[in-house]
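To start, the structure itself, in structure tokens.
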Amino acid sequence: MAISKTLKSVFWAQVTARCAVEMALLDAFTRAINVPLYKFFGGVYNKIETDYTITIVPPETARKNAVSLYKKGYRTLKTKVGKNLNDDIDRLLAIIDGAPGCG
């Protein structure tokens, strides 16, 4: 806790950097005590599920990317939006079509 407070007082605006340092310290600590990080946090699995963000691309490219990512094991896909509503909707529908089992 003291290390976190010190980091916050010195790097108050660099939240991401602080998190990285804290995670590195936690990782080093759990390695030193020979406890996997996931067990330290109370987890029961030794694997992590992550998501993937599909960039702003044409719908057909988004669909192909979704198919490929689904085959690689991704089950949560996200996409960037905000440039053009109709393009955003078409891209979302293409992603759903390419990987219907994803959330």
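The values are calculated or read from the model by the stated rules, or taken from the named source; none is laboratory data. This one's a predicted model, so the numbers in the text were calculated from it and none came from an experiment. Every residue, glycine as well, gets a Cβ built from its backbone with ideal geometry; the counts of neighbours run over all protein chains shown. For the accessible areas, the whole protein counts, side chains as well, though only heavy atoms, and no ligand, DNA or RNA atoms are used. Shrake-Rupley method; radii C 1.70, N 1.55, O 1.52, S 1.80 Å.
Placing a label point 7 Å from the Cα of Lys47 along the Cα-to-Cβ line, the residues of segment 67-103 whose backbone N sits under 13 Å from it are 72-75.
Give Lys39/Lys64; Lys8/Lys39; Lys47/Lys78; Lys5/Lys39 a once-over and call out the pairs whose C-alpha atoms are over 29 Å from each other. Could the numbers behind the result be given before it?
Values: Lys39/Lys64 37 Å; Lys8/Lys39 26 Å; Lys47/Lys78 21 Å; Lys5/Lys39 25 Å.
Exceeds cut-off: Lys39/Lys64.
The residues of the chain expose, per residue, 77 Å² of accessible area to a 1.4 Å probe. Which of these values of Cα Rg over 2.2 N^0.38 Å was calculated from the structure shown: (i) 1.52; (ii) 1.15; (iii) 1.31? Recomputing Cα Rg over 2.2 N^0.38 Å here gives the entry labelled (i).
Straightening the chain between Phe29 and Lys8 buys 5.6 nm, computed as 0.36 nm per residue apart minus the Cα-Cα spacing. Comparing Ile33, Ile48, Ile89 in a Gaussian network model of the chain, where Cα atoms under 10 Å apart are tied by springs, the biggest mean-square fluctuation is seen for Ile33. Atom-type composition of the exposed protein surface of segment 1-90 places 59 percent of the accessible area on carbon and sulfur (1.4 angstrom probe). Site pair Lys39 and Leu92 shows an inter-label distance of 4.3 nm when each label is modelled 7 Å from Cα along Cα→Cβ.
Per-residue SASA remark: Ser9, around 80 Å² accessible (1.4 Å probe; ligands, DNA and RNA not included).
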